[in-house]
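Engineer: First the structure, which I've put down as structure tokens, then a few questions once you've had a look.
The values are calculated or read from the model by the stated rules, or taken from the named source; none is laboratory data. Note that this is a predicted model, so its numbers are computed, not measured. Here Cβ is always computed from backbone atoms with ideal geometry, including for glycine, and neighbour counts include all displayed protein chains. The area values use the complete protein model at the heavy-atom level, side chains included, leaving out ligands, DNA and RNA. Shrake-Rupley method; radii C 1.70, N 1.55, O 1.52, S 1.80 Å.
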Amino acid sequence: MTIKTTVGQLKQAIKAALSAVSAKTCDLHVSGDQLHIKAESFMGCVRLKVDAEGFIDKEATGTLNGAVTNALFGALASDAQVAISRVEGGLRLKFGGATIKLKFQEAANSSDDLFAAASTCKGHELVAKATGSDLIKAFASPQFYAAHNDVRQYLCGVYIENRNGSLSMTGTNGFMLNRVDTSIACELADFGAILPTAAAQAVDMVLQPGDAVDIYRIGSGASLKLVWKTDKLCWVTCLVLGQYPDCAAFYKGETASKTADWPVSAKELALAVQRILAISEQRYLRMRVADEMLTLLSEDCEHKVEIPLSDELKALKLPCERRAWEASFSGAFIEEVARSVPTEQMVLRKGPSESSLLYARCLSAEGVVDSSWLALVQPARI
């Protein structure tokens with residue numbers, strides 16, 4: 001008796017499971033007409049249903065090292081069939097002329113009990129209902145602003161909170177910040193959770209755009225977790241402990257009376273930063289706004305790239321006056337802002353003081369500034 005699926009579906013499920021919890025191995029589990037991929041680590045656990053045909057009279061499990069996935073399936077067409085059958089101690093896979101045996105390696109700490117509790121989510125708190133595409137979009141940029149390996153563990157993740165009745169995602173490393181406000185209704189007035197950076201980066205791999213996703217909060221205190229459920233997925237994510245910083249004070253500077261707007265092409269700004277960093281081999285750069293020109297200079301001012309205000313952007317006639325300013329920044333931070341903004345054009349906002357924060361907003365082709373996406377960068381002293 002066998003269960004059959006395709007190489008494409010199997011590879012996608014394996015990669016999604018491994019990414020979800022940053023695991024090195026995953027289990028293929030068959031029972032009746034069901035095929036699941038399961039993975040677990042200190043970050044949580046995940047189980048994905050794979051579309052399959054056939055029937056296995058007794059359940060069986062085989063363990064696969066994720067590092068060999070491409071070597072096993074890489075040369076096969078995505079619609080090539082994989083036949084899975086039960087053997088003593090594991091599973092046998094047949095595909096493309098190959099016969100592979102996967103032995104079952106039981107994990108030290110099984111998450112079966114946790115899956116049993118999470119599978120129905122009865123008695124747990126519903127955080128939100130969303131589409132996969134909305135969640136993928138919401139996490140697209142904040143994940144790159146979150147800290148990595150920082151001693152301040154509370155910064156090593158994306159903060160998800162109820163902001164004015166809807167989910168809002170924030171990532172910061174203490175020097176730059178990105179906040180994305182969504183239209184996803186939040187069911188819990190007191191909701192706030194720090195999703196580990198690795199989990200935030202896995203969202204677009206684990207979720208599919210067409211998925212209907214239910215998000216639940218389970219546990220309490222140090223055992224608090226989030227459960228992401230679709231008709232094929234049960235993903236349990238551990239959370240980062242600690243209190244996320246209150247960023248309200250940083251936001252106030254954007255609306256200061258002397259803050260000026262400067263529109264610029266996101267692509268042109270990213271390329272300009274890249275050129276300055278490449279030729280100067282320095283970490284920081286200076287940005288200067290004056291005389292209808294945005295100028296980027298190396299630390300020693302030996303190199304510069306000028307980005308004139310285009311006729312297209314002049315025609316938008318943004319309401320704020322374009323005052324002159326100059327300040328130094330980490331080149332990598334400015335490039336990240338330019339590359340992560342989801343529109344072709346963006347607006348830079350800054351006060352005349354060199355120490356004032358630099359804010360960035362999306363700018364539509366019609367000249368509308370989008371209030372749902374915000375990035376800010378702290379100036380550097382060089």
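Engineer: Run lengths n ≥ 4 of DSSP H only: what is the helix-derived mean residue ellipticity at 222 nm for the chain, with -39500 (n - 2.57) per run over all residues, to the nearest 500? Each step should come with its number before you reach the end.
Structural biologist: On the way: 9 runs with 81 residues, N = 382.
The helix-only estimate for the chain comes to -6000 deg cm²/dmol at 222 nm.
Engineer: What span do the alpha-carbon atoms of the chain cover on each of the three principal axes, reported in whole Å from largest to smallest?
Structural biologist: Principal extents (Cα only, largest first): 76, 46, 39 Å.
Engineer: Sort ILE56, ILE100 by heavy-atom solvent-accessible area, probe 1.4 angstrom, most to least. Kindly include the intermediate steps, with their values, before the conclusion.
Structural biologist: Details: ILE56 5, ILE100 50 Å².
Largest accessible area first, the list is ILE100, ILE56.
Engineer: Let me ask another. Modelling each spin label as a point 7 Å along the Cα-to-Cβ direction, I'd like the ARG275/ALA324 distance in nm, to one decimal.
Structural biologist: 2.3 nm
Engineer: Taking the range 1-62, which trypsin sites (Lys or Arg not before Pro) meet the DSSP loop condition and have no more than 12 other C-beta atoms within 10 Å? If you can, show how the numbers build up before the last one.
Structural biologist: Working: sites: LYS4, LYS11, LYS15, LYS24, LYS38, ARG47, LYS49, LYS58; in loops: LYS24.
Here the sparse-neighbourhood loop sites are LYS24.
Engineer: Now for a different question. With θ set to phi - 60° and the Karplus curve 6.51 cos²θ - 1.76 cosθ + 1.60, what are the ³J(HN,Hα) couplings of the range 346-357 in order, to the nearest whole Hz, using x for Gly and Pro?
Structural biologist: 9, 10, 9, 10, 7, x, x, 5, 5, 8, 6, 5
Engineer: Once all Cα-Cα distances of the range 282-382 are split into 5 Å bins that start at 0, what whole-number percent is in each one?
Structural biologist: 2, 12, 22, 26, 23, 10, 4, 1
Engineer: May I ask you to evaluate 6.51 cos²θ - 1.76 cosθ + 1.60, the Karplus curve with θ = phi - 60°, for each residue of the range 216-226 and list the ³J(HN,Hα) values in order in whole Hz, giving x for glycine and proline?
Structural biologist: Along the range 216-226, the couplings run 10, 10, 10, x, 7, x, 5, 9, 5, 9, 10 Hz.
Engineer: May I pose another question? Given a 1.4 angstrom probe, what's the average accessible area per residue across the chain, in square angstrom? Intermediate results must be reported in sequence, preceding the final value.
Structural biologist: Details: 18270 Å² over 382 residues.
Accessible surface, normalised per residue, equals 48 Å².
Engineer: So, in the range 245-382, how many Lys pairs have Cα atoms under 26 Å apart, if the pair is 8 or more places apart or on different chains?
Structural biologist: For the range 245-382, the number of qualifying lysine pairs is 13.
Engineer: On the full set of protein chains, 1.4 Å probe, figure out the accessible area of GLU292 and give it in Å² to the nearest 10.
Structural biologist: Only protein atoms counted, so the area is about 80 Å².
Engineer: Please report the carbon-and-sulfur percent of the accessible area for the chain; probe 1.4 Å, protein heavy atoms only, DNA, RNA and ligands left out.
Structural biologist: Numbers: 8920 of 18270 Å².
Looking at the chain in its full context, I get 49 percent from C and S.
Engineer: How far apart, in nm, are the 7 Å Cα→Cβ label points at LYS129 and THR25?
Structural biologist: 4.0 nm
Engineer: OK, next. Hey, what did the range 292-334 get for relative contact order, percent, Cα under 8 Å, at least 6 apart? Can you show the working numbers first?
Structural biologist: Numbers: 21 pairs, mean separation 11.5, N = 43.
For the range 292-334, the relative contact order is 27 percent.
Engineer: Quick one: net charge around ALA189, please, counting Lys, Arg +1 and Asp, Glu -1 for every other residue with C-beta under 14 Å from its C-beta. Numbers along the way, then the final one.
Structural biologist: Values: positive: ARG163, ARG217; negative: GLU125, GLU161, GLU187, ASP190.
Residues close to ALA189 contribute a combined charge of -2.
Engineer: Report relative contact order for the range 1-109 in percent, whole number only (criteria: Cα-Cα under 8 Å, sequence separation at least 6).
Structural biologist: Numbers: 246 pairs, mean separation 32.0, N = 109.
Relative CO of the range 1-109 lands at 29 percent.
Engineer: Let me ask another. Name the residues whose placed amide hydrogens come within less than 5 Å of the amide hydrogen of ALA380, ignoring near sequence neighbours (fewer than 5 apart) on the same chain.
Structural biologist: Under 5 Å from the amide H of ALA380: SER328, PHE329, SER330.
Engineer: Return the distance in nm (one decimal) between the two label points of a simple spin-label model at ILE382 and ALA315, each offset 7 Å from Cα along Cα→Cβ.
Structural biologist: 3.6 nm
Engineer: Take peptides 65-74, 194-203 and line them up by average Cβ neighbours within 10 Å, highest first, as a rough protection proxy. Please list the in-between numbers first.
Structural biologist: Working: 65-74: 13.8, 194-203: 23.0.
Listed from highest to lowest mean packing, they are 194-203, 65-74.
Engineer: Now, a different point. Quick one: how many Å² of MET205 are accessible to a 1.4 Å probe, rounded to 10?
Structural biologist: In the full protein context, MET205 sits at about 80 Å².
Engineer: Quick one: compute the contact order of the chain, relative version, from alpha carbon pairs under 8 angstrom and 6+ residues apart, as a percent.
Structural biologist: Values: 872 pairs, mean separation 49.5, N = 382.
Relative contact order comes out at 13 percent.
Engineer: Starting from the Cα-Cα distance between LYS232 and ARG163, subtract it from 0.36 nm times their residue separation and give me the gain in nm to one decimal. List each step's numbers first, then the result.
Structural biologist: Values: separation 69, 0.36 × 69 = 24.84 nm, distance 2.93 nm.
Stretched fully, the LYS232-ARG163 segment lengthens by 21.9 nm.
Engineer: Grab the Cα-Cα distance for GLU306 and ALA222, subtract it from 0.36 nm times how many residues apart they are, and report the gain in nm with one decimal.
Structural biologist: Values: separation 84, 0.36 × 84 = 30.24 nm, distance 5.11 nm.
In short, 25.1 nm is gained.
Engineer: Label point 7 Å out from ARG283 along Cα-to-Cβ: which residues of the range 356-382 have amide N under 13 Å?
Structural biologist: 380-382
Engineer: Could you let me know the centre-to-centre spacing of the range 48-69 and the range 80-101, using Cα atoms, in angstrom?
Structural biologist: Spelled out, the Cα-based centre of one part sits 9 Å from the other.
Engineer: Sticking with this one: How would LEU271, LEU316 line up by accessible area, probe 1.4 Å, largest first?
Structural biologist: On the way: LEU271 65, LEU316 40 Å².
Largest accessible area first, the list is LEU271, LEU316.
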